[in-house]
Structure formats: structure tokens, C-alpha cells
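The values are calculated or read from the model by the stated rules, or taken from the named source; none is laboratory data. As the structure is a computational prediction, the values presented were derived from the model and not from experiment. So basically every Cβ, Gly included, is an ideal-geometry build from the backbone, and we count neighbours across all protein chains shown.
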Amino acid sequence: MQHDDFIVPPGTKICLKDYDPGCTGEFKHKAEAAEKLRKDLKRLAKYQDMLYAQNTYALLVVLQAMDAAGKDSTIRHVMSGINPQGMQIHSFKAPSAEELDHDFLWRSMKALPERGGIGVFNRSYYEEVLIVRVHPEILHVQQLPPAVQGESIWQHRFDEINAFEKYLVRNGIIVLKFFLNVSKAEQKRRFLARINTPEKNWKFSLADVKERAYWDDYMDAFEDAFNHTSTKWAPWYIIPADNKWFTRVVVADVIIEKLKSLKLAYPVVDEEHRKNLLLAKELLENEPA
């Protein structure tokens, strides 16, 4: 699978309209992708085990998307084989009063994965240059100094996000950022499915439909964010999301290849530890029945 087809090249400007939400790559059938994902989940479990044992790196997976793009189901399927002891998932909703009393990155810093762990952000600090940009009235409740609330605030936040992610990567926290690119037509179909399926009614609110009126504004905000924050150390991946089965297999493949590139390995025990292992083995084998 060619990841270059989905990456936003650092230092270039892209247009979201050039990325096909319905793309299924080399897969002609859903079953082919399902088989690859099944095998990849075993590989991912192995790499996660080594990541945890080596305790040098951490992995932060950032998922951004419009509503109904499949963030929850992507997390559920891609992370299904991972040991939950080495994983944390955080869903970021509207900031609390405590969070509004801090800088916009504060709550994300608190949720970062520890060494050896995998952290997933379902939405993230990028909301501060997405929904806040589409609805600038949100800035009024963020208690910011008047001097920083001009149009330059977005460039400042891009710069701050880039610096934050560079800091993370330099300290061993690898950052993978995925935008699940769902089409407006597919979002409508999924919204209607939620309305028509009683057990999914809880996932839907009238506000979800009202936000569709800002679709073009959101696309502009996403595009600008990608063009300013897809970097060599933390690039963006634009993943086709009209077919959830394809979304999952691509996200899993990118994560696996990144973990593979880290040259993970289980720790090598020293001679004293090895002697203790042999002693423990001897004691166990000589235990009375």
C-alpha cells in the first residue's frame, strides 16, 4: 500500500477536492481488505507488545473528521487486538471551566501517552483551529488577552502546534495524524441511518445537521490546517472514509509501518538476570508434586 497517496506533503499546499473520499485503493472487494486487516491486527499486537517492553517510545494517534466519518469505529476495529493495559483513548469535547482557565494545549498535555504506550485522541487540540475558526464566537469564552484575538491567532496557533509536536517527537512520542475524509453525501446517508435505527438515535442530535450548513467553512479550515501543520516530524494523512472497511485497513497499515520503522525490540536481560532465570527454572522444576 502506497502511503504517499494519502499523505499531505510537508511544505506544499493541497486542495481537499483532489482527495477522493470513495477511494478503495488496490482492493476490489471488501473481503480482501478484511483479510489484510485481520493479519495486520496480529502484527500490530506484536509491535505494541515490543513498544511496551522496550519502554522508549510512545505513539500518539490523532483522529480528526467531520461527524459520522467513522472515528469511533476506526478506533474500535484497528485497536481491537491491542492489550488495553498499554493503551489510552481520549475523546475531547467542549472545554470545561477548568480547561478554559489554561492554554489551549493544556488538556492535551495531560492526556499524552506514557513511554511504551499508545494514546488515541478522538478529536484533539486541532479543534482550536477548526471548530473555533468556523465559530469564532467561541474565542470570547476562552478568556484570551485582547491583543492575541486578531486574525493572526490562527497562524500563531499553527506555529504553536508545530512546535508542540516537534517537542513530542524529539522526546520519543511519535505523532500520527489522520483526517477521515468523508463526503457530504455519505455523511447525510449515515445521519439518516442513525435516525432510522432506534439503537443509534442516541448518537444523533439536531446540532449535527445544523453544522452541515458550515460544510464549506470546515473544509477551508481543515485545508488550511493541513497546509500549515503537515510537517516532516508529524505529517497529516488524508484517509478516504466513505468506505469504513478501507479507512480501517489504511489507518492500521500506516500505524504498523511507523512502529516497524522504530526498530523495536524486546530488552536483553543482563547476565545476573539470566542466572536468576535459570535458578527460578530449577526451583520450579524441583518443586514437590
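Summary of values
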| quantity | calculated |
| --- | --- |
| Residue that is nearest to Ala185 (Cα to Cα), among those in the range 216-251 that are surrounded by 21 or more Cβ atoms within 10 Å (Cβ to Cβ) and among the polar types (S, T, N, Q) | Thr247 |
| Test for Lys258: is it assigned to a loop (DSSP other than H, G, I, E, B), within 22 Å of the chain's Cα centre (by Cα), more than 30 Å from Pro136 (Cα to Cα) and basic (Lys, Arg) | no |
| Candidates Arg38, Arg107, Arg76 - the one that is in contact with an Asp or Glu (Cβ under 6 Å, 6 or more places away or on another chain) and assigned to a helix (DSSP H, G or I) | Arg107 |
| Residue satisfying condition, being touching a helix residue (DSSP H, G or I) at 6+ places or on another chain (Cβ under 7 Å) and modelled with pLDDT of 95 or more, within set Glu186, Glu165, Glu223 | Glu223 |
| Any hit, the range 144-154, residues being touching a Phe, Trp or Tyr at 6+ places or on another chain (Cβ under 9 Å), buried (at least 18 other Cβ atoms within 10 Å of the Cβ) and modelled with pLDDT of 95 or more | no |
| Residue check, Pro288 without any contact (Cβ under 8 Å) to a residue 12 or more places away in the chain, over 21 Å from Asp72 (Cβ atoms) and not in a helix (DSSP H, G or I) | yes |
| Within the range 252-272, tally of residues that are farther than 29 Å from Val61 by Cβ and either small (Gly, Ala, Ser) or exposed (fewer than 11 other Cβ atoms within 10 Å of the Cβ) (or both) | 3 |
| Leading residue by the ranking (surrounded by the most Cβ atoms within 10 Å (Cβ to Cβ)) among those in the range 41-73 that are not in a helix (DSSP H, G or I) and not aliphatic (A, V, I, L, M) | Gly70 |
